[in-house]
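In what follows, a structure is listed as structure tokens, so that the remarks can point back to it.
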Number of protein chains: 2
Amino acid sequence: MKRTGFNMTDESDKAMTDHIVSAFDADLKQLGDKLAEMGGLCEKLVAESVDALLRRDTALARRVIDWDRSIDRLQQEIEERAVNTIARRAPVAVDLREVVAALRIANDLERIGDLAKNIAKRVVALEGQFQPPKLAGGVAHISDLTLGQLKDVLDAYTRRDEERAMEVWNRDGEIDALYNSLFRELLTYMMEDPRNIGFCAHLLFCAKNIERIGDHATNVAETVYYLVHGVPLTEERPKADLTSTTTLNF
Amino acid sequence: MKRTGFNMTDESDKAMTDHIVSAFDADLKQLGDKLAEMGGLCEKLVAESVDALLRRDTALARRVIDWDRSIDRLQQEIEERAVNTIARRAPVAVDLREVVAALRIANDLERIGDLAKNIAKRVVALEGQFQPPKLAGGVAHISDLTLGQLKDVLDAYTRRDEERAMEVWNRDGEIDALYNSLFRELLTYMMEDPRNIGFCAHLLFCAKNIERIGDHATNVAETVYYLVHGVPLTEERPKADLTSTTTLNF
């Protein structure tokens, strides 16, 4: 990593600079470790909330609801460490972007945790309700795709691999298209049989939550782009073409 | 405001300190101005998105969708200014909390803007669809309450009035209760007449968005508490009693 913002004028300055650089590196490593922990926990929460939904496993759903607290705590810790690092080390250029990126990604992961928790809450609420048999397929498909996006973008972040991040960014349109077709399918089931309405209403929200988890993966991809290039991604997201005013996506 | 973290040892240090303090104050004032602008714009967006929904005003909805970009830009500006302020001034104690609070509130306001935009997108999507006549009442009521919460909490932030912020925090349960009854009401309309299903599905999401705007107002209230007291609010939110595992709220 190229270091900037330190003037090395003589040997003692250099020693001081090395000391500051290594203190900053230590801060950054701790931030990275916390983010990796948070990312892993988010992947687990998303996978298990969907698993709980598909298998109607209320006990698992309750565990997901509890685990979300760990994600919230990690976000607070990362925010605190990031702010302290900026205040103590006054990093500039790519160093500053590293810390800001950690802050932003922690925010997106916290939102992903909330969305997974909301799916889990609906599993608990649906306990004992009538379930139309053929609905799980669409949810399983969109979940697999979204979980793949989340894994890929976290991996892209770890490797600072902007190309891989952009692949995630470009694939978000597939999730939106799947969500739109699932939305229409669920409305059709509701119209076919009023007994489906309660279950399908919750499933609509679950599908929407999964689609939004995909949006947060896209946000992380944009953060990786900003981290690598030093400027924000200015293109509109792929989904924007579909949604800005013609709103095929809800 | 009590200033901490500056050691005043002699006159020249004091002059330097005064200079730093006033530079920090100028940074803080700029941050505050940007946040006030963003808060005002958010109130407007929420009010007008709901107005567009209740009056089925597609042109207004399209303007709301466009305005949301200004909110996103303000959030980016506030993040950049806040991070630069921390790096250049290395504030501590209440000064640091001021900057972190601005960062957090800007995040919540950006989410509120997104939720209002999503309501507006649904208004556009619903253009020309069959509308059951009696559904607007419940949405109008929950929106009024939520908009009141948003105004109150932004006012509490401006005045650093932690008591008023806690009133907002405590009132969030009312919004949740209204949302739950609206959710059930909308499902009933869907069951009564399948022609209601398309419209009611979008209305379910609009109601949920409004309820979540209320949650973000509650987050801002927690930030005001943290700003004034220097510690995070550790109590559970009022709604948590209803939702954590018994999930009356979806």
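The values are calculated or read from the model by the stated rules, or taken from the named source; none is laboratory data. Keep in mind that this is a model prediction, so the values were computed, not measured. Because the Cβ atoms are built from the backbone with ideal geometry, glycine has one as well, and the counts that use them run over all protein chains shown. Accessible surface areas use protein heavy atoms only, side chains included; no ligands, DNA or RNA. Shrake-Rupley method; radii C 1.70, N 1.55, O 1.52, S 1.80 Å.
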Rounded to the angstrom and largest first, Cα extents along the principal axes for the stretch A:12-243 equal 79, 38, 21
Could you do me a favour and compute the accessible area per residue for chain A, 1.4 Å probe, result in Å²?
42 Å²
How tilted is helix A:162-192 with respect to the longest principal axis of chain A? Cα atoms for both, answer in degrees (0 to 90, nearest 10).
20 degrees
With N denoting the number of residues in the stretch A:122-175, provide Rg(C-alpha) divided by 2.2 N^0.38 Å, to two decimal places.
1.58
What is the stretch A:75-191's relative contact order, in percent, from Cα pairs under 8 angstrom and six or more apart in sequence?
19 percent
Work out from phi, with θ = phi - 60° and the Karplus expression 6.51 cos²θ - 1.76 cosθ + 1.60, the ³J(HN,Hα) of each residue of the stretch A:47-59, listed in order in whole Hz, and give x for Gly and Pro.
4, 7, 5, 5, 4, 4, 5, 5, 9, 6, 9, 5, 5
Residue-normalised 222 nm signal for chain A, counting each DSSP H run of n ≥ 4 as -39,500 (n - 2.57), nearest 500 deg cm²/dmol, is -29000 deg cm²/dmol
If you plug each phi of the stretch B:136-149 into the Karplus form 6.51 cos²θ - 1.76 cosθ + 1.60 with θ = phi - 60°, what whole-Hz ³J(HN,Hα) values come out, in order, with x for Gly and Pro?
5, x, x, 5, 4, 5, 5, 5, 4, 4, 5, 5, x, 4
Name the shape class, rounded, prolate or oblate, that the alpha-carbon gyration tensor gives for the protein assembly as shown, where a ≥ b ≥ c are the square roots of its eigenvalues, rounded holds for a/c under 1.5, and otherwise prolate holds if a/b is larger than b/c and oblate otherwise.
prolate
Give me the compactness ratio for the stretch A:91-206, meaning the Cα radius of gyration over 2.2 N^0.38 Å.
1.35
With Cα springs under 10 Å, the Gaussian network model of chain B assigns the largest mean-square fluctuation among B:Tyr179, B:Tyr189, B:Tyr226 to B:Tyr189
Sum of side-chain charges, A:Gln76 neighbourhood, beta-carbon under 12 Å (Lys, Arg +1; Asp, Glu -1)
-1
Student exercise: in the stretch B:14-243, how many lysine pairs 8 or more apart or on different chains have Cα atoms under 29 Å apart?
29
